[in-house]
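Comments concern the structure below.
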Amino acid sequence: MAAKSPENTFTLDVYGRRLQVAGDPAGIMAGTDTAAILVDGKVMATQRALIIWVAAGLNGAGAVTVTGTAVGDKVIAVKNLTTPGQAESSFETTVSVANQVQQTNGSSLSTSNFLFVVEPQS
């Protein structure tokens, strides 16, 4: 989303709370930008869709590329597709680096493919 500025943020005070709609209107109409609704600066809704991505695990802890993620997004599910099962405990639950999900498990998971489901937070 484009940086918030007076040109692309609409703010309304409602009963002492600050309601904002942020995003570049021209970009939203063109499909190149997204909008978000914020209450007191906290994102309550966004146009970003769930991110669903398949990637191989690593030989030890490190960064797995999950394109489209942003810092603060929630990793809501990780499934091992090679040996079916849950794998959430092997990865971070909140994205700490854009376009990556950190494998926190120090063991080798390099022979497995994982399905990541990430919920955008902005």
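Non-local amide H neighbours of Ala77 (under 5 Å, H modeled in plane, Pro and chain starts lacking H): which ones?
For Ala77, whose amide H was placed from the backbone, the distant partners under 5 Å are Val117.
Taking the Cα atoms of the range 51-119, what is the range of coordinates along each of the three principal axes, in descending order and whole Å?
So the extents along the principal axes, rounded to whole Å, are 27, 19, 18.
Read-outs throughout are calculated quantities, based only on the coordinates presented, and are distinct from any laboratory measurement. Quick caveat: nothing in here was measured; it's all calculated off a predicted structure.
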